[in-house]
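In what follows, a single structure is set out as structure tokens and then discussed.
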Amino acid sequence: MNNINEFVNVLREKPFIKTLIEECDADVYIVGGVVRDLIMGYSNKDVDIVIRRVNTGELIDCLSRIGKVNLVGKSFGVIKFTTDDFVEYDIALPRKERTNGLGGYHGFDIQSDSTMDIREDLIRRDVKFNAMAININTGDFIDPLNGLNDINNSIVSAANLDVFSDDPLRMLRIISFASRFKFDIDSDTLDMVVMYANRIKEIPSERILIEFDKIVRKGDVFIAADLLKRTGLL
């Protein structure tokens, strides 16, 4: 965990993190893939941050003082923030995704809530080892679904029962993770992929291509091809 402590200490000294904590009285968390990769010893330039105790307007005002704010992802609950040293961060309030019946990319509505418990935000994510967070204020490690256990056992398992019905693209992400890390997919999760495989047709081709690109660049294409065939996604 030394690399995690070092990362947290470095991030805590960033001017925008200090401003969020000391001037805006925010709770700051790193979440998802960056926490996973720190634990596994991988590098990850994509740092996702979740902020509690300030609303969206306050967050934008706070960040605008110390860097460039891009609202391109605001409809999805995400603010792109670039520091003076040109490092970009995805920053969001805790949020939930609720299905709206439209299907595919536009099949869910984002509901952000600055008062929401960070655990509620984490458990709606795609897989358990992406549902981990570190509180930058305190250094506390938060793992409501025991994703660390999945990493230790080389397993990919869905974070919740609605993970694929909410966003069918996550089925490809499951396969991408398995091929990238050479992990086994949990049997219940694999059964869920088979059950929902036909819904992949709801996803626009450009989103599918992005996931295939990750598999080709980062994963084992033979593992991925076998899983695509076995699940019916092919």
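Tell me, what are the semi-axes, in whole angstrom and largest first, of the equivalent ellipsoid of the chain as set by the roots of 5 times the Cα gyration tensor eigenvalues?
31, 20, 16
How big is the Cα convex hull of region 128-178 in projection, averaged over all directions, in nm²?
Average of the hull's projected areas for region 128-178 equals 4.1 nm².
Rounded to the nearest 20 Debye, what is the dipole magnitude of region 163-216 about its Cα centre when Lys and Arg each give +1 and Asp and Glu each give -1 at the C-beta?
200 debye
To check my understanding: the extent here is largest minus smallest coordinate of the Cα atoms along each principal axis. What are those three numbers for region 155-216, in Å, largest first?
Largest first, region 155-216 extends 28, 24, 16 Å along its Cα principal axes.
Once the dipole of the chain is set up with Lys and Arg at +1 and Asp and Glu at -1 on Cβ about the Cα centre, which of 151, 32, 189 lies farthest towards its positive end?
Going by the charge dipole, the pick is 189.
Using Cα atoms only, what is the angle between the long axis of helix 221-231 and the major principal axis of the chain, expressed in degrees (0 to 90) to the nearest 10?
Helix 221-231 and the main axis of the chain meet at about 70 degrees.
Which residue, chosen from 5, 177, 203, occupies the Cα position most advanced towards the positive end of the dipole of the chain, where the dipole is computed from +1 (Lys, Arg) and -1 (Asp, Glu) charges on Cβ about the Cα centre?
Value computed over the given set: 203.
Counting only pairs 8 or more places apart or on different chains, how many lysine pairs in region 1-86 have C-alpha atoms closer than 17 Å?
Total qualifying Lys-Lys pairs in region 1-86 comes to 6.
Using the alpha-carbon atoms, what tilt in degrees (0 to 90, nearest 10) does helix 2-12 show relative to the longest principal axis of the chain?
With both axes taken from Cα atoms, the answer is about 50 degrees.
Starting from the exponent 0.38 and prefactor 2.2 Å, build the expected Rg for region 1-97 from its residue count and divide its actual Cα Rg by it.
Taking N as the residue count of region 1-97, the ratio is 1.04.
How tilted is helix 170-181 with respect to the longest principal axis of the chain? Cα atoms for both, answer in degrees (0 to 90, nearest 10).
That works out to roughly 90 degrees.
For a quick check of understanding: with a 1.4 angstrom probe and all protein chains in place, what accessible area in square angstrom does residue 72 have, to the nearest ten?
100 Å²
Apply the Karplus curve 6.51 cos²θ - 1.76 cosθ + 1.60, θ = phi - 60°, to the phi angles in region 23-37 and return the couplings in whole Hz, x for Gly and Pro.
9, 9, 6, 9, 8, 10, 10, 8, 9, x, x, 5, 5, 3, 6
In debye to the nearest 20, how big a dipole does the chain give about its Cα centre with +1 on each Lys and Arg Cβ and -1 on each Asp and Glu Cβ?
About 560 debye.
The values are calculated or read from the model by the stated rules, or taken from the named source; none is laboratory data. Note that this is a predicted model, so its numbers are computed, not measured. A quick note on method: Cβ atoms are made from the backbone with ideal geometry, for glycine too, and the neighbour counts reach across all protein chains shown. Note: areas computed on protein heavy atoms with side chains; ligands, DNA, RNA excluded. Shrake-Rupley method; radii C 1.70, N 1.55, O 1.52, S 1.80 Å.
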